[in-house]
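Shown next, in structure tokens, is the structure this report addresses.
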Amino acid sequence: MTETSIAHDTATGSPVRLQAVAAEGQPEVTPALEELYHGFEQELLVPLWTEIGDLMPAHPRSRAVPHLWRWDRLRRLAARAGDLVPVGRGGERRAIALANPSLGGRPFATPTLWAAIQYLMPGEDAPEHRHTQHAFRFVVEGSGVWTVVGGDPVPMNRGDFLPQAGWNWHAHHNATSEPMAWIDGLDIPLQYATEAQFFEFGRDGIDDTERITPERSRSERLWGHPGLRPLAAAPATPGSPLLSYKWEHTNAALRDQCLLEREGFGGTVEPGHAAVRYTNPHDGCDVLPTIRAEFHRVVRGAETAPVRETGSSVYQVFDGSGVVTVGDRAWTVTRGDLFVVPSWEPFSARSEAGATDSDEGALDLFRFSDAPVFEALRLDRTQKDA
């Protein structure tokens, strides 16, 4: 930038700064062109020909970058926070967000997705609140916490996926003598960018009638029967009315896909790669309007084909070990590790799981993404690389 343009910016107070450059596809640099650009700055105008490469690239160039967070480090820091940071009003949740290193220090895993480790000490309650952001919880280890959604206590156990549509009152309570950690996923960055978010505090505590510890929530008893939809009920929110998707069902579905493949009947998305999507039992759509959740199993020795997709994803290793490759980065991963796949970066996974690090002899991956948003806007695109 020239001294003249800097001085002009100071004088006019305009945040627009333009510089005439001699480059292919740009007009010839002349005093008249520089004067025109100064006029644009004064009137807060930006010509497309100076921005086309950034605004309309040949393919997506995400502001996020591939990154990996190690579960053992997250867990250790969360435990320390449990000793030092209260969970009541002012903090609301002892949730520690993943900050993608290229997003300016914002607590965003990707430009549209928020992910965090949440930690609750023995006997603690996380106060009630509600927000328009759609959310879920996924449990990679432990048990003993109940999330109370609209007065319905829902147990949280290893492998369980618990979606919760926006604007539902919810609180948590730890009924055991051990702390518990899990991951939260929300569409906070998306709603932040669209300036559409609302938040409201609820009660400071939950009632004794809610502080119970049933094996199944009321939502599970009504909606949790495979292939059966209750005729007497209709969801009050746009998300799934089923508040818990049990690990035993997820695991059984993945195991059967692998068995069918070995028997020669197919059922997997590619050799050695079984996968399921969590769906709304009311209409078969995604569990949340802005978030898609899936579970992938890659059997030992198998490797998935590199895939590019518009939109971003966050993965957590549920079980097993292997090597994941995102763009030009590759990491060896184990249970609990989290990593980001930005838009249009190729992703593949190779399983090295064995009997010592996996219950099923496979690399198990939980994934959530912003796919429903891209599909609704007809911006979804997938490409398998050779």
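Structure data summary
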quantity: Accessible-area order (highest first, 1.4 angstrom probe) of the listed residues Cys258, Cys285; calculated: Cys285, Cys258
quantity: On Cα atoms only, tilt of 71-84 relative to the major axis of the chain in degrees; calculated: 80 degrees
quantity: Crossing angle, helix 31-42 versus the chain [Cα axis fit, 0-90 degrees, rounded to tens]; calculated: 40 degrees
quantity: Span from the the range 257-326 Cα centroid across to the the range 154-218 one, whole angstrom; calculated: 25 Å
quantity: Solvent-accessible heavy-atom area per residue, rounded to whole Å², over the chain at 1.4 Å; calculated: 49 Å²
quantity: Those chymotrypsin sites (Phe, Trp or Tyr not before Pro) in the range 78-141 that DSSP places in a loop and that have at most 11 other beta carbons within 10 Å; calculated: none
quantity: Cleavage-rule hits, chymotrypsin sites (Phe, Trp or Tyr not before Pro), the range 158-261, DSSP coil, Cβ neighbours within 10 Å at most 12; calculated: Phe198
quantity: Tensor-based shape of the range 159-270 (alpha-carbon gyration tensor, a/c under 1.5 rounded, otherwise prolate or oblate); calculated: prolate
quantity: In degrees, nearest ten, helix 3-12 long axis to first principal axis of the chain (Cα); calculated: 70 degrees
quantity: Built amide H within the under 5 Å cut-off of Arg158, gap 5+; calculated: Gly142
quantity: Cα shape, the range 251-310, gyration tensor, a/c 1.5 rule; calculated: oblate
quantity: Of all accessible heavy-atom area on the chain, the percent that carbon and sulfur account for (1.4 Å); calculated: 54 percent
quantity: Loop chymotrypsin sites (Phe, Trp or Tyr not before Pro), the range 251-341 (other Cβ atoms within 10 Å of the site Cβ: 11 or fewer; DSSP); calculated: Phe265
quantity: Accessible surface, 1.4 Å probe, highest first, among residues Glu41, Glu141; calculated: Glu141, Glu41
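The values are calculated or read from the model by the stated rules, or taken from the named source; none is laboratory data. Please read all numbers here as calculations on a predicted model, not as lab measurements. Methodologically, a virtual Cβ is constructed for each residue, glycine included, from the backbone with ideal geometry; neighbour enumeration extends over all protein chains shown. Accessible surface is based on the protein model in full, side chains and every heavy atom, while ligands, DNA and RNA are left aside. Shrake-Rupley method; radii C 1.70, N 1.55, O 1.52, S 1.80 Å.
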